[in-house]
Amino acid sequence: MNSKKKKSVFVTGGANGIGEAVAKTFLKNGHAVTILDVDKKGCQRFKKWAKRNGFTNFLAIQADITDLDLHTKIISDTVKAHGPIGILVNNTGIGTSKSITATKPEDYDTVWQTNIRGPFFLTQKISKKMHGGSIVFVTSVHQDKPLGDAAYAMSKSALKMLIREFALALASKGIRVNGVAPGAIRNNRLVPSRFISVPLGECRGTTMDIAKAVLFLTSENAAYITGEILTIDGGLSLVNWLFQKGETLPLPQ
């Protein structure tokens, strides 16, 4: 799956969870990696891991993707360190963990600024300087299925269309745009009962399941794929499951 030519990879939300696994996977495959994350401690932890493992071709930028005024400098610093960006992975995403009746305007705005507005304009700006290459958005199975966190699910549904719009707009530049839609991904939080009977037998996948899929979609093995969203959920979306009253809302992945 490795690209023959190593590239400059930019990963948003790269200090934790799926984004961290994606960033580390690209580093291990010889690419130069820049992560962007609002989590200062997470960025510091990533730097320590990279240095401890002998990597020098990395950059960790602690910043908020919703601050559009910072985008130009972030891109400039990345290009200065690693050359033109060849792969962009939009992983940043948050939820409210609130029901549709409890969601406040500020909750709604924060989710949409983080999950849609920030990635929209960052991708717009980065893609203008790309010559070929690949962009991957991390969406969710909740782009199609209710979660009980309406602001989050709606933002992922919007992201699904944004992927296709960027794919169509950038195809003439040789830039492929795809998405991955994770299901339940393993972490330390409570597993709701509806996730127990995943067809493949595990109640949750791993962040590496997603990272490997992103690596594939950005590789030459996926050279004729664009505008597609790869669902990675162990078959969860094949079965009927709904949010049950009384269950604890999982924080989205």
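The values are calculated or read from the model by the stated rules, or taken from the named source; none is laboratory data. Given the structure is predicted, the values throughout are model-derived calculations rather than measurements. All Cβ positions, glycine included, derive from the backbone under ideal geometry; neighbour counts span all protein chains shown.
When the test is whether a residue is β-branched (Val, Ile, Thr), at pLDDT 95 or above and farther than 27 Å from Ala167 by Cβ, Thr114 does not pass it. Among the residues of the stretch 88-110, those identified as under 18 Å from Leu159 (Cα atoms) and either among the polar types (S, T, N, Q) or within 17 Å of the chain's Cα centre (by Cα) (or both) are Leu88, Val89, Asn90, Asn91, Thr92, Gly93, Ile94, Gly95, Thr96, Thr110. Taking the stretch 206-253 as the range and being at pLDDT 85 or above, small (Gly, Ala, Ser) and over 17 Å from Asp144 (Cβ atoms) as the test, the residues that pass are Ala211, Ala213, Ser219, Ala222, Ala223.
Scanning the stretch 90-116 for residues that are in a helix (DSSP H, G or I) and within 25 Å of Leu215 (Cα to Cα) yields Thr114, Asn115, Ile116.
Scanning the stretch 5-27 for residues that are among the small types (Gly, Ala, Ser) and part of a helix (DSSP H, G or I) turns up Gly17, Gly19, Ala21, Ala23. For the stretch 31-68, filtering for residues that are among the polar types (S, T, N, Q) and either touching a strand residue (DSSP E or B) at 6+ places or on another chain (Cβ under 7 Å) or on the phi > 0 side of the Ramachandran plot (or both) leaves 3.
Taken over the stretch 28-67, the criterion of being assigned to a helix (DSSP H, G or I) and either under 18 Å from the mean Cα position of the chain (by Cα) or under 14 Å from Ser8 (Cβ atoms) (or both) is satisfied by Gly42, Cys43, Phe46.
Residues that are in a loop (DSSP other than H, G, I, E, B) and more than 18 Å from Lys129 (Cα to Cα) do not occur anywhere in the stretch 68-84. Quickly run through the stretch 201-224 and pick out the residues that are without any contact (Cβ under 8 Å) to a residue 60 or more places away in the chain, small (Gly, Ala, Ser), closer than 27 Å to Gly174 by Cα and not in a helix (DSSP H, G or I). If the condition is that a residue be without any contact (Cβ under 8 Å) to a residue 60 or more places away in the chain, small (Gly, Ala, Ser), closer than 27 Å to Gly174 by Cα and not in a helix (DSSP H, G or I), then Ala223 is the only one that fits. Only one of the listed residues (Ser140, Ser134, Ser155) is among the small types (Gly, Ala, Ser), buried (at least 20 other Cβ atoms within 10 Å of the Cβ), closer than 20 Å to Lys104 by Cα and in contact (Cβ under 8 Å) with a residue 40 or more places away in the chain. That residue is Ser155.
For Lys80, state whether it is within 26 Å of Val177 (Cα to Cα) and without any contact (Cβ under 8 Å) to a residue 12 or more places away in the chain. So Lys80 fits the description; yes.
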